[in-house]
Amino acid sequence: MRSPVPERSLIIESDDDDDTQSAVATNWIGHGHGHDEEEPEQEPGSDSDSSSSSSSCATPRRGPSSPAYTQQWPQSYRQSIDILSSVHSSNLSFLGTPTLSRLSNSFLAITDSFRGKAPETISNFVKPLLGPTSSDEQQQQQHEDTRKSSQYIMPSRKSSLEQIPEDQKPLVVGHEASRNRNCSYTQGVMNGINVLCGVGILSTPYAIKQGGWIGLVILCLFALLAWYTGVLLRHCLDSKEGLETYPDIGHAAFGSTGRIVISIILYVELYACCIEYLILESDNLTKLFPTAHLTIGSLTLNSHVFFAILTTIIVMPTTWLRDLSCLSYISAGGVIASILVVICLFLVGVVNDVGFENEGTALNLPGIPIAIGLYGYCYSGHGVFPNIYSSLKNRNQFPSILFTCIGLSTFLYAGAAVMGYKMFGEATESQFTLNLPDNSLISKVAVWTTVANPITKYALTIIPLAMSLEELLPPNQQKYSTIIMLRSSLVMSTLLIALSVPFFGLVMALVGSLFAMLVTYILPCACFLAILKTKVGWHQIAACSFIIAVGVCCACVGTYSSLSKIIQNYT
């Protein structure tokens, strides 16, 4: 049997004026090839404390009194979602601090340790792009001994799934996060918009085609309910010490089973988004190059299949990257990309004389279930909202931040929906980019922007799932080749599903009906009632019950309708 992995823990006092906690625990898992060296204890107000205030916004570390469920799977959720959703501070300090260098290094630093590279080599391989400040250098020097004697490895199955007594629980995680809450109001809003405004904006005109103009009422209702359930998640996080993520809330509400079930739902939703990315790339590249094909002997691949495979070949190496901070920063431009695509849609209607002449129908009852799924997909960011809340410098601003980012996102959704449907009417495709004129420069800008954005987001979206599976690997399988094979297999599986179900709008409606309804509307209310059932009034119970009923009805109707239409496309 393999000997247990030694653990080290360190208590660091914090002087952060905005942080109500007085201490945080920094823990390392060492699988050394020599003797472990104890890290010296930091004094309150030391330079290492002050330097951390310049780090990029990320979720804070848990305190030494962290509950036992912090030891349970998935431990990597917080850090991986922070990378997925992070919009870094305007001074780009994340490029110059050792914190993110260690965090990004931890993704695949294990790979070099199994290939025989020394930790010093690993550290040098991911040097920051900007030089560290003097306080950063002091902090980095204080941790040097630990980094030299420790290897970053994923948590073993035993340590990630086993509860330990309250008085013996150092935090055991495979990835280090920032110790401070540094996100401002603006950064929080940008985080939220970046999560909400994705590929869903392309299908809002198609949603009006399916359900009629009355669908805009559904969109606004979903927006209002999403804001309310987001605030409920905040109350859940504040109810107990140490809650920071959606899986933590699930554990507090329903125990280990709730944590695991909610985690699986969140990961499957991210996996489905990766499938959507490949379908999106295939459709839009086919629009740009409709005659493209590949012939191999007697086998001919049409443009859709060819571009789906080509996109997979492009994005697969990005899932192997050790440092994802570059992709995280680039993908934050998704906010700009969404705005640019909507502007291009408007310009096509004005400059290219497409016009806004179509009247449409007020209500198309048979298409309402599909519209429900498409509108529900637009508000599927609740898996990230707890991370955003935990990263805020002033947490009291969260309801306002949530209202702002949901309001602005709804404005973009509604604007794209109205313009797209008025321009193309009943000819509206599942992605309005497919309706844009072929010979227009503005159209090409919109399509290429749509193509570029998912390529930067694919790795960030699949990595949380990959890391969660890597946690479950036996220690003797946590090596470079195994991790690369696991991540490559996940990417290939999304390709196979994308080729098997190449229906962008229907797949989006299915994901929105099933997973978004659960994550955004049903589970927040259920967790809120389970955690705070003795402290809530009758009106809150009534409101949560109403939202759960609406979510369940929409999920059942939308899922059935989406699946039936997908099956019809095969028959």
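Tell me which helices (runs of 4 or more DSSP H) are completely within the stretch 173-287 and hold 2 or more residues being more than 22 Å from the chain's Cα centre (by Cα), or say none if there are none.
Details: elements: 185-196, 204-211, 215-239.
Of the helices (runs of 4 or more DSSP H) lying wholly inside the stretch 173-287, those with at least 2 residues that are more than 22 Å from the chain's Cα centre (by Cα) span 204-211, 215-239.
Quick one: would you say Ala466 is of a type in the set (Gly, Ala, Ser) and either under 24 Å from Tyr77 (Cβ atoms) or crowded, with 19+ Cβ neighbours inside 10 Å (or both)?
Numbers: of a type in the set (Gly, Ala, Ser): yes; either under 24 Å from Tyr77 (Cβ atoms) or crowded, with 19+ Cβ neighbours inside 10 Å (or both): yes.
So Ala466 passes the test.
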>> Residues that are closer than 24 Å to Asn435 by Cα, open to solvent by 10 Å² or more (accessible area, probe 1.4 Å) and touching a Pro at 6+ places or on another chain (Cβ under 7 Å): does the stretch 265-281 have at least one?
In response: yes
> Conditions: (1) open to solvent by 60 Å² or more (accessible area, probe 1.4 Å); (2) within 24 Å of Gly230 (Cα to Cα). Ser409 meets all but one. Number of the miss?
Replying inline: (1)
> Which one of Phe546, Phe515, Phe504, Phe528 is of a type in the set (Phe, Trp, Tyr) and surrounded by fewer than 16 Cβ atoms within 10 Å (Cβ to Cβ)?
Replying inline: Phe546
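Say whether the condition of being of a type in the set (Val, Ile, Thr) and assigned to a loop (DSSP other than H, G, I, E, B) is met by at least one residue in the stretch 348-357. Give the steps one after another, and end with the answer.
Here is the first cut: in the stretch 348-357, the ones of a type in the set (Val, Ile, Thr) are 348, 350-351, 354.
Pick out the ones that are also assigned to a loop (DSSP other than H, G, I, E, B) and you get 354.
So far as the stretch 348-357 goes, yes, one or more of its residues are of a type in the set (Val, Ile, Thr) and assigned to a loop (DSSP other than H, G, I, E, B).
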> (1) without any contact (Cβ under 8 Å) to a residue 12 or more places away in the chain; (2) touching a Phe, Trp or Tyr at 6+ places or on another chain (Cβ under 7 Å): which one isn't true of Gln397, the others all being true?
Replying inline: (1)
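One line per residue, one yes/no per condition, for (1) modelled with pLDDT of 90 or more; (2) open to solvent by 10 Å² or more (accessible area, probe 1.4 Å); (3) over 21 Å from Leu216 (Cα atoms):
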{"position": "Val354", "(1), (2), (3)": "no, yes, yes"}
{"position": "Asn358", "(1), (2), (3)": "no, yes, no"}
{"position": "Asn364", "(1), (2), (3)": "yes, yes, no"}
{"position": "Ile370", "(1), (2), (3)": "yes, no, no"}
{"position": "Tyr377", "(1), (2), (3)": "yes, yes, no"}
{"position": "Ser391", "(1), (2), (3)": "no, no, yes"}
{"position": "Arg395", "(1), (2), (3)": "yes, yes, yes"}
{"position": "Leu402", "(1), (2), (3)": "yes, no, no"}
>> I need a count of the residues in the stretch 366-385 that are part of a helix (DSSP H, G or I), touching a residue at least 12 places away in the same chain (Cβ under 8 Å) and farther than 21 Å from Gln397 by Cα.
In response: 11
>> I'm told Ser331 meets every condition in (1) buried (at least 23 other Cβ atoms within 10 Å of the Cβ); (2) more than 18 Å from Leu280 (Cβ to Cβ); (3) at pLDDT below 90 except one. Can you identify the failing condition by its number?
In response: (2)
> Consider Tyr480 against the criteria (1) open to solvent by 30 Å² or more (accessible area, probe 1.4 Å); (2) closer than 26 Å to Gly200 by Cα; (3) hydroxyl-bearing (Ser, Thr, Tyr): it satisfies all of them except one. Which criterion is unmet?
Replying inline: (2)
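The values are calculated or read from the model by the stated rules, or taken from the named source; none is laboratory data. Model, not experiment: these values are computed from the prediction. When we count neighbours, we look across all protein chains shown, and the Cβ atoms used for this are built from the backbone with ideal geometry, even at glycine. The protein model used for the area step is the full one, side chains on, heavy atoms only, and it has no ligands, DNA or RNA in it. Shrake-Rupley method; radii C 1.70, N 1.55, O 1.52, S 1.80 Å.
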